[in-house]
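Beneath this line is the structure, given in structure tokens, with notes to follow.
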Amino acid sequence: MVDGGRGDGREDLELRSSRYELGVTGVGNGKVEGSVRLTSGRTEVAVEVKGPEASLASVVVKPTANRDRVSVNVKSVVSPVSGQSGEREQALEESIIKFVAGVLDPSCPPRTTITVVAQILSEDGSLLACLLNATALALMEAGIPLYGTPVSVAVAVAHSEPSPPRLCLDPDLAEERTSQLVGTYSYLFSSVDSSESAIEEMKANIVHVSTLGNSNAQTALHALTVAEKAARLVLRTRAC
Amino acid sequence: MQEAEAFKRLYPEEYLDRFLVKDIRPDGRGLRSTREISVHASPLSSAPGSAVVRMGNTTVITSVELGLFDLGEESVAGRLEHELDVGPLGTTHNNGSIARNRQQTSAVSGRVRQILCRSIDLGSLKLSEPGEEASPGGGKAWALHVKSVCLSLDGCLFDATLASAVAALATLRFPRRLEQLGEDAAGEDGGRPEGDGALRFLWVPACTAVALHKGRLLVDPTDFEESLASAVVAVVWGRRADSPGGEEPEVLALELGSEGQRASVDAQLVRRCLGVCGGRGTSQRLAALASLLVEDIDGGEADGMMEA
């Protein structure tokens, strides 16, 4: 990370330009309910969602005594840019499964299966955040009831001793490699009103956090606060 | 007894709630107590490093195998791979498919490997030739194959696997160089050569999980408590290996998974989680694992590990 600025000229708390295209899999066997291609900087992913469809008899959905609990089986497949899926892709699949299970609305038909298939098209940092955002958009396009609007952001904390830690939003691959800590944070904003003033007052519910890298507890919490502000910014941009 | 078991199976939430209102958990612990950690170092004589870690009824055995590989021109560090096997003995709660089980254990294994790669000095695994100046690339380095097997599972699989892997790596002793072994073998009657090197750690990591259930935080949850939790936060704490008793531990990794429909998790709650899981129980775990390293740090064995 360049002192005083970032390699691509962005401010520390500036996101890369992002765009998405819905319904990219218009052809095929007609089983895909939602699909999206999301580009954030030079990171690009395509995500398809199929379901909810009746679970196969062999798939046992965990019974639960809690009526509020969503009993939906979520499956995920992540394919890398090239080669075969490895340990990293399986970790991404696991994160997507937990994320989807965390954002579904209780009204989602029980004992059904939702399948998320993700293809990484190009990779330049903040991959998990990009995948989770694309998954959320694909779920919405598929008409699957969600408990709120999920937004994910990535934050990197740069080496900065002895000065205070420097937080950078939406890091690229080079920044991730040189950072002390990299984290992905997903928030679920729940309110029907999406006007700008309402977004500021919306309750942000954390549904996923994964960080890697050493920091003191205070810096970890500071990153969480910055991530929430960035997530609100993304939500406001989408509402516009 | 049978009636209580039947009640637990039929109404698990009510069963747990009846304990929690009295600030106690079904296994008799307080809400913020961790389970005792017991570490059995080097149970396998055939492996250069091994350990069994038990946290309550979760038991994980880990062994470390050594291999040598040729470094590329650009590579300067050794390699670490981790594999986790949760066989039929360890599967108590997961009623999904075999593929789903593999996906979950692979994700746990990937996280353990990431933490281990940050906690040990992979650069020290490079073998230096006698009398050779430090070269940027080429040569040989150790590859560490860490294999963990979950023998019984009662929650906190990641915590126990990480602790077990750290303990096994702490007990790891590298053989001395082959030419040196040849000289020693002439004067000794077999067995492991004296003065074997230990692995150099940068951090001593230990993980403590917290489960959220109806606004209550349950530290180090059992399998039953995990299955009912609306959110689980796992914090990996690390203490610098060169100051095992000194500085405050830092956060090496944070993992949070929450069911947005049932839990209301905000920054304040994460702060509470960091507070409760960074307490005495985590200190005990860190101390238990750091004690395996103390001899090496004091004796300076780690420094002489790769020297010819």
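Scanning region B:174-216 for residues that are surrounded by fewer than 20 Cβ atoms within 10 Å (Cβ to Cβ) and modelled with pLDDT of 85 or more yields B:Leu202, B:Lys214, B:Gly215, B:Arg216. Scanning region B:256-266 for residues that are assigned to a loop (DSSP other than H, G, I, E, B) and either surrounded by 22 or more Cβ atoms within 10 Å (Cβ to Cβ) or among the small types (Gly, Ala, Ser) (or both) yields B:Glu259, B:Gly260, B:Gln261, B:Ala263, B:Ser264, B:Val265. When A:Asn214, A:Asn205 are screened for being facing chain B (nearest Cβ under 7 Å) and either surrounded by fewer than 21 Cβ atoms within 10 Å (Cβ to Cβ) or closer than 23 Å to A:Gly125 by Cα (or both), only A:Asn214 passes. Condition test on B:Thr161, is it farther than 28 Å from B:Asp70 by Cα and at pLDDT 90 or above? Criteria met by B:Thr161. Take the conditions (1) among the small types (Gly, Ala, Ser); (2) surrounded by fewer than 19 Cβ atoms within 10 Å (Cβ to Cβ); (3) at the interface with chain A (Cβ under 9 Å from one of its Cβ atoms); B:Ala253 misses just one of them, which is (2). Test A:Gly143 against the stated conditions and say whether it is modelled with pLDDT of 85 or more, surrounded by fewer than 19 Cβ atoms within 10 Å (Cβ to Cβ) and under 30 Å from A:Lys75 (Cα atoms). Yes: the conditions hold for A:Gly143. For region B:138-152, check the following and say yes or no: at least one residue is within 14 Å of chain A (Cβ to nearest Cβ), modelled with pLDDT of 90 or more and in a helix (DSSP H, G or I). No: region B:138-152 contains no residue that is within 14 Å of chain A (Cβ to nearest Cβ), modelled with pLDDT of 90 or more and in a helix (DSSP H, G or I). All of A:Val74, A:Val100, A:Val47 fail the test of being more than 8 Å from chain B (Cβ to nearest Cβ), part of a strand (DSSP E or B) and either out of contact with any strand residue (DSSP E or B) (no Cβ under 7 Å at 6 or more places or on another chain) or modelled with pLDDT of 90 or more (or both), apart from A:Val47.
All told, A:Ser71 falls short of being among the hydroxyl-bearing types (Ser, Thr, Tyr), touching a residue at least 12 places away in the same chain (Cβ under 8 Å) and on the phi > 0 side of the Ramachandran plot. Scanning region B:259-308 for residues that are at pLDDT below 80 and touching an Asp or Glu at 6+ places or on another chain (Cβ under 8 Å), we see that the one that is farthest from B:Ser164 (Cα to Cα) is B:Gln261.
Every condition in (1) within 7 Å of chain A (Cβ to nearest Cβ); (2) farther than 16 Å from A:Glu228 by Cβ; (3) modelled with pLDDT under 85 is met by B:Gly246 except one, and the failing one is (1). Among the residues of region B:267-292, the ones that are buried (at least 16 other Cβ atoms within 10 Å of the Cβ) and not in a helix (DSSP H, G or I) come to 1 in all. The residue that is modelled with the highest pLDDT, counting only those in region B:94-135 that are exposed (fewer than 15 other Cβ atoms within 10 Å of the Cβ) and not in a helix (DSSP H, G or I), is B:Glu129. In region A:131-174, which residues are over 14 Å from the mean Cα position of the chain (by Cα) and of a type in the set (Ser, Thr, Tyr)? Correct list: A:Tyr147, A:Ser160, A:Ser163.
Across region A:77-97, the number of residues qualifying as touching a residue at least 40 places away in the same chain (Cβ under 8 Å) and facing another protein chain (nearest Cβ under 7 Å) comes to 0. Scanning region B:57-67 for residues that are more than 24 Å from B:Ala141 (Cα to Cα) and either surrounded by fewer than 20 Cβ atoms within 10 Å (Cβ to Cβ) or under 11 Å from the mean Cα position of the chain (by Cα) (or both) turns up B:Asn57, B:Val60, B:Ile61. Reported count of residues in region A:199-213, each being assigned to a strand (DSSP E or B) and over 14 Å from A:Gly148 (Cβ atoms), is 5.
The values are calculated or read from the model by the stated rules, or taken from the named source; none is laboratory data. This one's a predicted model, so the numbers in the text were calculated from it and none came from an experiment. Cβ sites come from the backbone with ideal geometry, for glycine too, and all protein chains shown count toward neighbours.
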